[in-house]
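Novice: Here's a structure for you.
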Amino acid sequence: MNYIDFFKNELLKFKNDGFYRKFLPIKRSRDIFPLTKINFDSFNNDKNISDNDIKIWCTNDYLNMSHNEQVIDRMVEVIREVGTGSGGTRNISGTTQYHIELESKLAKFHNRESALIFNSAYLANQSTLWTLCKKLKDIQVFSDELNHASLIQGIKNSGAECEVFKHNDLSHLESLLKKYDHDKPKLIVFESLYSMDGTLTNVSEYVDLAKKYNALTYLDEVHAVGLYGDQGSGIANKYGVSNEIDIINGTLAKAFGQIGGYIAGNKELIDFIRSFTPGFIFTTSIMPSVAAASKKSIEIAEQSDFLRKDIHKKANYMRKALTEVGIPFINGQSHIIPLITNSADKTRLYSEELLKKYKIYVQPIFYPTVPKDTARLRITITPKHTYQDIDHLIRSLCSVYNIKRNISHNSFIEKTENLTSVNVI
Ligand SMILES: Cc1ncc(COP(=O)(O)O)c(C=O)c1O
C-alpha cells in the first residue's frame, strides 16, 4: 500500500467536499482585546489584508479571564516559586498543593463532595465515560444527538450500546428508557448548554427521568460554568440539582480562561474514576501554575455577577437586532448565537468578507464540528464587546448577507434598555 497516496486522497476528498480547515494565527493582546492581531502572511499570503486590528467575535474566553491581571499575577507567582512543568503524573510526583486546592475548590463550586482534574475537558469526558461504560457491564447509554465529540468518543470507544435521543427531547428520551429493564445499568449523557447551537437544557427534568428509570446521569457543563447559575456555578446548580447529577464535567479553558478540565461528584464515584481511568492516571498533571491560576480565576468569576448580567443583556440585544434585520439564528437564549447558513461554502465566504471588508473575525463552523448542511457563523459575546461593537457587527452582517437596511448607530439600544424578561443566569 502507498500510505502517502492514501493520506493525500483522503485530504483531497475532504477538500473537494469543502470541509478542509485553515487555522488563523491570531494574537489576542491584553490591552486591546477584543481587537486582535492576525498574521495573514503565515495564513494564506493574502496581501489584501494587512496585519491589522480585527475584532474577534468567536472566542470562548467568555469572561476574558485569560487577560485578568490577578490571574496572571497568580500564575507568574507560582511559576517563579515552583517552575513550569509538574514533573510527573498525579501518582508519580505530579500532585502539588495547587492541584489539591483546585480540586477542593471545584468540588465546593459545584456543591459536591469531590472533584478530579484532567488535562482537558475533552480528556475528562472521553476517559471518564470510557471507564464507566467498560466497568458497568451491560450498560445502556442514552446520548443527546448533539452531544460533543468527546462524549461520543468516550461512549463509542467503550463499545457500550447507545441509544441516541433527539436534541433536548425528553419524551423521546423517555420512550427509549422505557424499553429497558429497571435493573439494567443505564447512563444518560447530556450537556447543559449546547456549544454549537447555544441551546440551554432543563437539567432537573433529566434528573427526574433518571430517578424514574434508575439511570446514572453525566452532565457536560463546559460552556455553562462561569456564566450560569449562582456565582456562575453552572446550570445544574441554577436548577438546584447539582447534588443529584452523578457526574458533572466542566472546563478550566473557557469562562475561566486557562487550560484543563474536570469532573465533580460523589466521593466514591470520583475515587473510582481516579483509580481506574487511564486518561487520568497515565499522563503528566497540569502545570501547578495553571492549577493555581484556575483557582484564582474561579474565585473572581464567582464574584462577577455584573459581568454575567452584562453578557446576557448584550446577547439579548444582539438577538433583537438580528430579528429586526431578518438574519436567521438559533434562538437559544444563551450567550452563544449561531447564525445558520447551512452551506459550508457560503459560511466561509461570509466569514472571509467580514474579515476583509469589516475587520471582523467570526470563524465559519461546518462539518465535522456540526452535522453536514448545518454550517454556521457562531458568535460569542464577552464583557469587552460594546453595544457599538454589536451595531457594527450587525451592520457588517447586513452587508455580507445583502440585506438593505439603513441601520443608524445604537439603533437597537432603546428597544432593549429594559430587557429583563430573559433572566437566564
Ligand atoms: C461541549 C464540550 N465539551 C467538552 C469540550 C472540551 O473542552 P476542552 O477544550 O477543555 O477540552 C468542548 C470543547 O469545546 C465542548 O464544546
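The values are calculated or read from the model by the stated rules, or taken from the named source; none is laboratory data. Every value quoted in this text rests on a predicted model; they were computed, and no experiment measured them. As a convention, Cβ positions derive from the backbone with ideal geometry for all residues, glycine included, and neighbour counts pool all protein chains shown. For the accessible areas, the whole protein counts, side chains as well, though only heavy atoms, and no ligand, DNA or RNA atoms are used. Shrake-Rupley method; radii C 1.70, N 1.55, O 1.52, S 1.80 Å.
Novice: Which shape class, rounded, prolate or oblate, goes with the chain when its Cα gyration tensor gives a ≥ b ≥ c as root eigenvalues, a/c under 1.5 marks rounded, and past that a/b bigger than b/c marks prolate?
Specialist: rounded
Novice: Continuing with the same structure: Rounded to a whole number of µm²/s, how large is the Stokes-Einstein D of the stretch 268-393 at 20 °C and 1.002 mPa s, given Rh as the Kirkwood radius over C-alpha pairs?
Specialist: 121 µm²/s
Novice: So, one more: Once you order the gyration tensor axes a ≥ b ≥ c over the Cα atoms, which shape class does the stretch 68-184 get: rounded for a/c under 1.5, otherwise prolate or oblate by comparing a/b with b/c? Provide the component values of the computation, followed by the final result.
Specialist: Working: a/c = 2.78, a/b = 2.25, b/c = 1.23.
Verdict is prolate for the stretch 68-184.
Novice: Determine, from the Cβ-Cβ distance of Ile281 and His182 and an R0 of 35 Å, the FRET efficiency 1/(1 + (r/R0)^6), rounded to the nearest 0.05.
Specialist: Once the sixth-power term is evaluated, E becomes 0.55.
Novice: Cross-link candidates for Lys372: which aspartates and glutamates have Cα within less than 15 Å, leaving aside residues fewer than 8 places away along the same chain?
Specialist: Partners within reach: Asp17, Glu145, Asp197, Asp345.
Novice: Please list 317-328, 226-237 highest first by mean number of surrounding beta-carbon atoms within 10 Å per residue.
Specialist: Values: 317-328: 17.8, 226-237: 25.2.
Packing order, densest peptide first, comes out as 226-237, 317-328.
Novice: In debye, nearest 20: dipole of the stretch 67-302 around its Cα centre with unit charges on the Cβ of K, R (+) and D, E (-)?
Specialist: It works out to roughly 500 debye.
Novice: Can you give the alpha-carbon Rg of the stretch 135-231 over 2.2 N^0.38 Å, where N counts its residues?
Specialist: Working it through for the stretch 135-231, the quotient is 1.05.
Novice: Now a separate question. Determine the alpha carbon to alpha carbon distance for each of Lys22/Lys384; Lys27/Lys357; Lys211/Lys296 and list only those over 31 Å.
Specialist: Beyond 31 Å: Lys211/Lys296.
Novice: Once you charge only the Cβ atoms, +1 for Lys and Arg and -1 for Asp and Glu, what is the size of the charge dipole of the stretch 1-115 about its Cα centre, to the nearest 20 debye? It would help to have the intermediate numbers written out before the result.
Specialist: On the way: 17 positive and 16 negative charges, 55 e Å.
Here the size comes out at about 260 debye.
Novice: Subtracting the Cα-Cα distance from 0.36 nm times the residue separation, let me have the gained length for Lys27 to Ile72 in nm, one decimal.
Specialist: That works out to 14.5 nm of additional length.
Novice: Test of understanding: express the Cα radius of gyration of the stretch 230-314 as a ratio to 2.2 N^0.38 Å, with N the residue count.
Specialist: 1.24
Novice: Okay, moving on. Considering only Ile286, Pro338, Ser242, whose Cα is most displaced toward the positive end of the charge dipole of the chain, charges sitting on Cβ of Lys, Arg (+1) and Asp, Glu (-1)?
Specialist: Pro338
Novice: Could I have the simple spin-label model distance between Thr323 and Lys135, label points 7 Å from Cα toward Cβ, reported in nm to one decimal?
Specialist: 4.7 nm
Novice: For the chain, report the accessible area per residue in Å² (1.4 Å probe, heavy atoms, rounded to an integer).
Specialist: Computed with neighbouring chains in place, this is 45 Å² per residue.
Novice: Next up: Report, by chain and number, residues whose modeled amide H sits under 5 Å from the one on Glu161, excluding near sequence neighbours (fewer than 5 apart, same chain).
Specialist: Placed amide hydrogens put Val141 under 5 Å from Glu161.
Novice: Select from Gly198, Gly250, Gly159 the residue whose mean-square fluctuation is largest in a Gaussian network model of the chain (Cα-Cα springs shorter than 10 Å).
Specialist: Residue with maximal mean-square fluctuation among Gly198, Gly250, Gly159: Gly159.
Novice: Now for a separate question. Give the residue from Asn214, Ala115, Trp130 lying farthest towards the positive end of the charge dipole for the chain; charges sit on Cβ (+1 for Lys and Arg, -1 for Asp and Glu) and the dipole is referred to the Cα centre.
Specialist: So the residue we want is Trp130.
Novice: Test of understanding: what is the full-extension gain from Asn402 to Phe7, defined as 0.36 nm times their sequence separation minus their Cα-Cα distance?
Specialist: Fully extending the segment from Asn402 to Phe7 adds 138.3 nm.
Novice: Keeping all protein chains in place and using 1.4 angstrom, which order do Met196, Met287 fall into by accessible surface area, from largest down?
Specialist: Met287, Met196
Novice: Output ³J(HN,Hα) for the stretch 370-380: one whole-Hz value per residue in order, computed from phi by the Karplus curve 6.51 cos²θ - 1.76 cosθ + 1.60 with θ = phi - 60°, and x for Gly and Pro.
Specialist: Rounded to whole hertz, the list is 10, x, 4, 6, 10, 4, 7, 9, 9, 9, 10.
Novice: May I pose another question? Between Ile379 and residues 5 or more places away or on another chain, which pairs have amide H atoms under 5 Å apart, with H built 1.01 Å from N, and which residues are they?
Specialist: Residues meeting the amide H criterion: Ile337, Leu339.
Novice: Give me the percent of DSSP beta bridges within the stretch 203-339 that run antiparallel, rounded to the nearest 5.
Specialist: Antiparallel bridges make up about 60 percent of those DSSP assigns within the stretch 203-339.
Novice: May I ask you to derive the FRET efficiency for Asn342 and Glu299 from their Cβ-Cβ distance with R0 = 45 Å, giving the value to the nearest 0.05?
Specialist: Details: r = 42 Å, r/R0 = 0.94.
For Asn342 and Glu299, the calculated efficiency is 0.60.
Novice: What nm distance separates the two modelled labels at Asp17 and Thr89, each placed 7 Å from Cα along Cα→Cβ?
Specialist: The answer from the label model is 3.6 nm.
Novice: Share of the chain's accessible area from carbon and sulfur, percent, 1.4 Å?
Specialist: On the chain, the fraction of accessible area on carbon and sulfur atoms equals 50 percent.
Novice: Run the numbers on the chain and let me know its relative contact order in percent, using alpha-carbon pairs under 8 Å that are six or more apart.
Specialist: Computed over the chain, the figure is 20 percent.
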